[in-house]
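Scroll down for the structure; my scribbles are underneath it.
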Amino acid sequence: MSLTQIAIDTLAKNDRGGFTIPTAGLYPYQWNWDSAFIALGIATYDMDRAWAEVTSLLEGQWPDGMIPSIIFRSDDPDYFPGPSRWGKTPGPIPSTGVSQPPVLTTAVMQLTGTGSNRDTARRAEVFDQLFAYHKWFHDNRTAKGIVATVHPWETGRDNCPEWNIGLDLMQVAPDLAPYTRMDNKHVDASFRPTQEQYDKYLTIIQFGQSVGWDQRRLTEEGPFLMADPNIHFILLRADKDLLAMARDLGKSADVVAAIEGWIAKGEAASDFLWSEELGAFTARDIRTGAFSKGFSNCSPLCFYADTGTPEQRARILENLQRIASKVDYMLPSWDPDADEFEPQRYWCGPVWPQMNFMVAQGLAETGEDTLAQLIRDDLCRAIEKSGFWECFNPLTGEGCVGKNFSWTAAVWLSWQHETKLKGVA
Ligand code: GLC
């Protein structure tokens, strides 16, 4: 069977009726940014079903505009922390109390096409909800002029070493309710976050619950507050896409001005993440100002967000060339020359399909075609070697953590489709 057919079958097996889970067992619910990539993959063969992925995610939106990281339409005893651990949340469906990188708007922009064939009806259908989601980030997560984050899980990069500077400043809550991890029952512990990290993740959840998931209080008073290049660049790109959508739909001057304000704020904030020492955009602790100590796979998302000075971009490209000479498969999630690089441990080294997708897209859009192609080809080689895993060891191309993974299948389909279209053109 062809890999393309296996990818389609993988998505069909993970379909739970209008929404798609990342993988059975380990991740049995709908995840926010996963659904955006999944929709793009499904769109290559079934646009209506792809659109359902978007609207089902929007069903979980809170009254304040937040789209949570996970929507719990059931309570699966095999998953932790599930709905009972997050407690009562204000949304229409039980959920987590934090969000994820808001790639949804950019996915909607891509799903609804360009030129005279674009689907303005579908854009109009979701615009207000997308606007409310972006507004939620800008109103509730801004600290020191940048959209920050309160939980490593909100960044989508759970245990990236970037978070250690913020986690090291935290204490585990002395009254942390006892719990049993389930992730290590599904996959080997050496792939997963450590126990101390897990205790801290749950400490933040306990704090969120204690303030009734008041999101401003979580940002201002919570135990963890860092700025994340992943959220920053993805939101900035999404704000630009939202602006294009607003203009296209003839939205009011107030709406357009609000989005323009967010973009101006985002452009100005990129410098906050710039580490001159590393020549990279890195995470930063908001309260102490400390920079993290490594180049991650979201450092080059400045291209995707179309931001950064020519000098900054040149240094990012130099770093990418250096890293390409150290690994067999681009792009590792953590710098192989930095402390705490572990090629098989989740966000401490492995290659992540959805990150390669966005980084390659940004590089291609700004004319860096050779690097863009390398980043695409390397992921495709890893998939050809090992199959549709959640992530891959950058030294060997072996699959890590979850098998039969939806976003990996979706990225494969998106790229195959694009290549086919180019061949036709
Ligand atoms: C892990 C990843 C996160 C993803 C989720 C479901 O928690 O770190 O980015 O959304 O799995 O695939």
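The values are calculated or read from the model by the stated rules, or taken from the named source; none is laboratory data. Values in this document were obtained by computation on a predicted structure and should not be read as measured data. Positions of Cβ are backbone-derived with ideal geometry, glycine not excepted, and every protein chain shown enters the neighbour counts. Accessible surface areas use protein heavy atoms only, side chains included; no ligands, DNA or RNA. Shrake-Rupley method; radii C 1.70, N 1.55, O 1.52, S 1.80 Å.
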Return a yes/no flag: does the range 42-49 have any residue that is in a loop (DSSP other than H, G, I, E, B), modelled with pLDDT of 95 or more and either within 14 Å of the ligand (Cβ to nearest atom) or within 18 Å of the chain's Cα centre (by Cα) (or both).
no
When you scan the range 173-223, how many residues do you find that are crowded, with 16+ Cβ neighbours inside 10 Å and aliphatic (A, V, I, L, M)?
7
Here is a check on your reading of the model: is D75 open to solvent by 50 Å² or more (accessible area, probe 1.4 Å), among the charged types (D, E, K, R), modelled with pLDDT of 95 or more and assigned to a helix (DSSP H, G or I)?
no
Got at least one residue in the range 323-333 being surrounded by fewer than 18 Cβ atoms within 10 Å (Cβ to Cβ), β-branched (V, I, T) and not in a helix (DSSP H, G or I)?
no
Selection from the range 334-343 of residues open to solvent by 50 Å² or more (accessible area, probe 1.4 Å) and either within 16 Å of the ligand (Cβ to nearest atom) or of a type in the set (A, V, I, L, M) (or both) yields E342
Condition test on S2, is it surrounded by fewer than 24 Cβ atoms within 10 Å (Cβ to Cβ) and touching a residue at least 24 places away in the same chain (Cβ under 8 Å)?
no
Out of the range 335-361, which residues are part of a loop (DSSP other than H, G, I, E, B) and in contact with a Ser or Thr (Cβ under 8 Å, 6 or more places away or on another chain)?
D335, P343, Q344, R345, G349, P350, W352
Would you confirm, using the coordinates I've provided, whether I234 is of a type in the set (A, V, I, L, M, F, W, C), touching a Pro at 6+ places or on another chain (Cβ under 6 Å), closer than 18 Å to A148 by Cα and open to solvent by less than 20 Å² (accessible area, probe 1.4 Å)?
yes
Going by the structure shown, is A382 part of a helix (DSSP H, G or I), within 14 Å of the ligand (Cβ to nearest atom) and within 15 Å of A7 (Cα to Cα)?
no
